[in-house]
Amino acid sequence: VEQTSDGATVVEEPVVETPAPENTEPQKALVYKDVKLLENLDNTDSYHGFATSDCAELLFASNRIQVNGKPTFQCFAKDLMKNSEAERLFEWNGNIWTPEITPDKNWVIFSSDSVKPEHIFLYDMNTKHSMNLTSGNSKNMMPSISPDGTTAAFVSNRAGKYHIWTVNLFNSSKLVQITKGNVNDREPRWSPDGKSIIFTRIIENMKVSHIMSVAADGSSEPKELVSGNSRNWIADISPDGSLLAFTRSMKANGSNNTIVLLDMNTGKEQVLTFPGIYESFRPVWFADNSGFVFHVNKKSGKCLYKANFVRE
């Protein structure tokens, strides 16, 4: 870890191996099968789920532990193979939101209010040290790691409105504004090939929003993937690129949220209904196309489920 003359953090970048060529034979379609409860603890909130690249562990934020005498969101991990009790990954003096881990499991990225108003941090799982990727008076949040584990897309109001930005995880001076204009953009997610970023564009707050896609280097104008007069938000695309899962508010006041699938080849939509679940949010796909994690609001707090998919 080094500091440049302008104060930027520089870390030696890892060697990224080029993946082997994929099987070019046509695959059967991904089809929703059923739902499974992953994490639930009464009278607490567990949300912002994210599976590791090997799909063996689940990271999430939960306020089940007190920090400085009050419930505070911390980063937890759960072994999905053993279905063991979740454990806090590290101590943090503030709330942690949207934690994600790099494919090599060496770095955890998240946003926190430990430095006001809210900033992006990187935690080294090996040295147990952390560093900030953003600073200043702007609000920076909702980080999402690129497929190669070198870059994060995030949301910042440093240019006025909330826009999508990217930052190199190992050199915070490499900061790029991806979207611009007199609009608010939120919730970035990466395409499987890392060439584009999917995000939510707010048209009318809490009432109408669209799902957009933009080149990851900001070289093109955003294009609409899902439009209309509904609140469509928090989208993620399956690793095989066939399905876009996103949240839709079925009522005009932004309530009755459910998850919708968009077939990227045919343009057809499928509204998913889960037994015993009224509202569902924030689908984030597992790397093996086996499904996505999402969270649910219950009277006893937020909990995490997985929607399972099969090939048919």
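The values are calculated or read from the model by the stated rules, or taken from the named source; none is laboratory data. Just so we're clear, the structure is a prediction, and the values are computed from it rather than from any experiment. All Cβ positions, glycine included, derive from the backbone under ideal geometry; neighbour counts span all protein chains shown. Heavy atoms of the whole protein, side chains included, go into the accessibility calculation; ligands, DNA and RNA do not. Shrake-Rupley method; radii C 1.70, N 1.55, O 1.52, S 1.80 Å.
In table form, for the structure just shown:
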{"item": "Hits in the range 258-292 (condition: at pLDDT below 95 and either hydrophobic (A, V, I, L, M, F, W, C) or touching a Lys or Arg at 6+ places or on another chain (Cβ under 7 Å) (or both))", "result": "F274, I277"}
{"item": "Hits in the range 192-217 - residues which are in contact with a strand residue (DSSP E or B) (Cβ under 6 Å, 6 or more places away or on another chain) and of a type in the set (G, A, S)", "result": "S196, S209, S213, A215, A216"}
{"item": "Check on T247, without any contact (Cβ under 8 Å) to a residue 60 or more places away in the chain and under 15 Å from the mean Cα position of the chain (by Cα)", "result": "yes"}
{"item": "Residue in the range 48-55 that is out of contact with any strand residue (DSSP E or B) (no Cβ under 9 Å at 6 or more places or on another chain), open to solvent by less than 40 Å² (accessible area, probe 1.4 Å) and either part of a strand (DSSP E or B) or of a type outside the set (A, V, I, L, M) (or both) present", "result": "yes"}
{"item": "Residues of the range 227-244 classified as touching a residue at least 60 places away in the same chain (Cβ under 8 Å) and either open to solvent by 40 Å² or more (accessible area, probe 1.4 Å) or over 27 Å from Q27 (Cα atoms) (or both), total", "result": "1"}
{"item": "Residue, surrounded by the fewest Cβ atoms within 10 Å (Cβ to Cβ), within the range 281-301, restricted to residues that are part of a strand (DSSP E or B) and small (G, A, S)", "result": "G301"}
{"item": "All positions within the range 197-239 that are among the small types (G, A, S), under 23 Å from F50 (Cβ atoms) and outside any loop (DSSP other than H, G, I, E, B)", "result": "S209, S213, A235"}
{"item": "Matching residues in the range 160-174 - criterion: being open to solvent by 60 Å² or more (accessible area, probe 1.4 Å) and under 16 Å from K139 (Cα atoms)", "result": "K161"}
{"item": "Matching option when the condition is within 21 Å of T102 (Cα to Cα) and among the small types (G, A, S), among G69, G49", "result": "G49"}
{"item": "Residue that is nearest to L175 (Cα to Cα), among those in the range 82-100 that are open to solvent by 60 Å² or more (accessible area, probe 1.4 Å) and part of a loop (DSSP other than H, G, I, E, B)", "result": "N93"}
{"item": "Subset of the range 68-81 (residues that are touching a strand residue (DSSP E or B) at 6+ places or on another chain (Cβ under 7 Å) and in a strand (DSSP E or B))", "result": "P71, T72, F73, Q74, C75, F76, A77, K78, D79"}
{"item": "In the range 101-120, the residues that are out of contact with any Lys or Arg (no Cβ under 6 Å at 6 or more places or on another chain) and either modelled with pLDDT under 95 or buried (at least 20 other Cβ atoms within 10 Å of the Cβ) (or both)", "result": "I101, T102, W107, V108, I109, F110, S111, S112, H119, I120"}
{"item": "Tally, over the range 267-280, of residues that are of a type in the set (S, T, Y) and open to solvent by less than 90 Å² (accessible area, probe 1.4 Å)", "result": "1"}
{"item": "Residue under evaluation L304, criteria (1) part of a strand (DSSP E or B); (2) farther than 22 Å from T98 by Cβ; (3) not aromatic (F, W, Y), criterion not met", "result": "(2)"}
{"item": "Residue within the range 180-193 that is open to solvent by less than 50 Å² (accessible area, probe 1.4 Å), more than 19 Å from the chain's Cα centre (by Cα) and more than 29 Å from D34 (Cα to Cα) present", "result": "yes"}
{"item": "Filter result (part of a loop (DSSP other than H, G, I, E, B), in contact with a Lys or Arg (Cβ under 9 Å, 6 or more places away or on another chain) and open to solvent by less than 20 Å² (accessible area, probe 1.4 Å)) within the range 121-159", "result": "T134, S138"}
{"item": "Members of the range 1-57 found to be among the basic types (K, R) and at pLDDT 95 or above, listed by number", "result": "K33, K36"}
